[in-house]
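Each remark here refers to the structure printed beneath this line.
The values are calculated or read from the model by the stated rules, or taken from the named source; none is laboratory data. Worth saying up front: this structure is predicted, and the values here are computed from it rather than measured. Cβ placement follows ideal geometry from the backbone for every residue including glycine, while neighbour counts extend to all protein chains displayed.
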Amino acid sequence: MEFNVMEFKVGTYDLHPEANFNFQLNRMVMYADGDLEEVKEAARKITDMASWVSTFLELGERALQEGRTGQAISYFRGAEFFMYGDIQEKHRIYERAMDLFYATVIARCGSPSPRGAWARYSCTGVTTPARRSFSGPSCI
């Protein structure tokens, strides 16, 4: 069985003067397949959470159109991270990122339904995925 090895980058970048945005931008670049130069350009447009969300939704769409699915997933999840208020839109963007992720898993692994390993739990009208334990090989 072949496994992909994930290599973590070391260090941080000074991408934004606001500490929370800077931290999240670094997470995106260092661990979530974000493109450093693209994220640097995006950081210059970010002034508040609303501009963060619109910037990363736009980047996600562009990455998807260019066939950069991993980066699209990262950018959609980044946008969703700072969404508040409209829970349905937040959930829609989250689901879109997860659907792209699982489509990628299926394409790479040939698994008919890797999302079957996830259960949906509902509390106060909000449904969230949670990992269920299962046995079997992992292809990622």
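Close contacts from region 97-109, counting a first residue that is closer than 12 Å to Arg77 by Cα and a second that is assigned to a helix (DSSP H, G or I) and polar (S, T, N, Q), with Cβ to Cβ under 7 Å and a gap of 6+ residues or different chains, come to Leu100/Thr69. The number of residues in region 58-83 that are within 18 Å of Leu100 (Cβ to Cβ) and surrounded by 17 or more Cβ atoms within 10 Å (Cβ to Cβ) comes to 17.
Pairing residues of region 25-49 that are at positive phi with residues that are in a helix (DSSP H, G or I) and among the small types (Gly, Ala, Ser), at Cβ distances under 6 Å and at least 6 apart in sequence or on separate chains, gives Asp33/Gly70; Asp33/Ser74. Determine if region 58-79 includes at least one residue that is in a helix (DSSP H, G or I), of a type in the set (D, E, K, R) and at pLDDT below 95. Within region 58-79 (the criterion being in a helix (DSSP H, G or I), of a type in the set (D, E, K, R) and at pLDDT below 95), the answer is yes, since at least one residue qualifies.
Would you confirm whether or not region 91-114 contains a residue that is among the aromatic types (Phe, Trp, Tyr), more than 20 Å from Gln24 (Cα to Cα) and modelled with pLDDT under 90? Even if it seems obvious, please write down each step before you answer.
Taking region 91-114 as the starting set, the residues that turn out to be among the aromatic types (Phe, Trp, Tyr) are 94, 101-102.
Filter again for more than 20 Å from Gln24 (Cα to Cα), leaving 102.
Now drop any that are not modelled with pLDDT under 90, which leaves 102.
Looking through region 91-114, at least one residue is among the aromatic types (Phe, Trp, Tyr), more than 20 Å from Gln24 (Cα to Cα) and modelled with pLDDT under 90.
Residues in region 30-57 that are aromatic (Phe, Trp, Tyr) and under 13 Å from the mean Cα position of the chain (by Cα) were compared, and the one that is surrounded by the most Cβ atoms within 10 Å (Cβ to Cβ) is Phe56.
Here are Tyr31, Tyr94, Tyr75: which of them is of a type in the set (Ser, Thr, Tyr) and either farther than 22 Å from Arg108 by Cα or in contact with a Gly (Cβ under 9 Å, 6 or more places away or on another chain) (or both)?
On inspection, the qualifying residue turns out to be Tyr75.
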